[in-house]
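In what follows, a structure is listed as structure tokens, so that the remarks can point back to it.
The values are calculated or read from the model by the stated rules, or taken from the named source; none is laboratory data. Quick caveat, the model's predicted, so the values are computed rather than measured. Neighbour counts run over all protein chains shown; Cβ positions are idealised from the backbone, glycine included.
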């Protein structure tokens, strides 16, 4: 997560902002799968591939950063969060598996199946992000700027 030195927003608030952007990206993919109504054409497949490439890529990167840097640091500085961090990491694996299915379906998959997968992903992410925000926004905001992922 790059940081503007003039910005005094805490890491937890930045995380919540990233979640909002992710919600928007997935929402755009969901709406595109319905509003375009192109059916299983080459144009539909290309549009879905582009939407999924952006949304899925950003989600993969976001969860990788959390799992490799943010969560381990929080586990050290806030050991009381261990159980929730384990749950969130497991959810990342489940979400990752769903993303792989969506990425595989996007180029030539059945539009109704793809739309259903995207709607389910949107619902899953909303609950996941809400749980994550309730649990770690406060502790992340309390960390200050001296964190390993900002180096």
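Here is how the numbers come out for the structure above:
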read-out: Pairs with Cβ under 6 Å, 6+ apart, first in the range 46-72 and farther than 28 Å from residue 32 by Cα, second part of a helix (DSSP H, G or I); value: 67/89; 67/92; 69/148; 69/149; 71/85
read-out: Filter result for residue 129 (part of a helix (DSSP H, G or I), touching a helix residue (DSSP H, G or I) at 6+ places or on another chain (Cβ under 7 Å) and in contact (Cβ under 8 Å) with a residue 24 or more places away in the chain); value: yes
read-out: Residue ID - modelled with the highest pLDDT, chosen from residues in the range 32-47 that are closer than 15 Å to residue 122 by Cα and surrounded by 14 or more Cβ atoms within 10 Å (Cβ to Cβ); value: 32
read-out: Those residues of the range 121-151 which are closer than 24 Å to residue 47 by Cβ and surrounded by 14 or more Cβ atoms within 10 Å (Cβ to Cβ), in sequence order; value: 121, 122, 124, 125, 126
read-out: Residues of the range 88-104 satisfying the condition of being more than 14 Å from the chain's Cα centre (by Cα), without any contact (Cβ under 8 Å) to a residue 24 or more places away in the chain and surrounded by 14 or more Cβ atoms within 10 Å (Cβ to Cβ); value: 101
read-out: Members of the range 50-76 found to be surrounded by 13 or more Cβ atoms within 10 Å (Cβ to Cβ) and more than 20 Å from residue 21 (Cβ to Cβ), listed by number; value: 72, 73, 74, 75
read-out: Set 118, 85: member being more than 17 Å from residue 21 (Cα to Cα), at pLDDT 80 or above and buried (at least 16 other Cβ atoms within 10 Å of the Cβ); value: 85
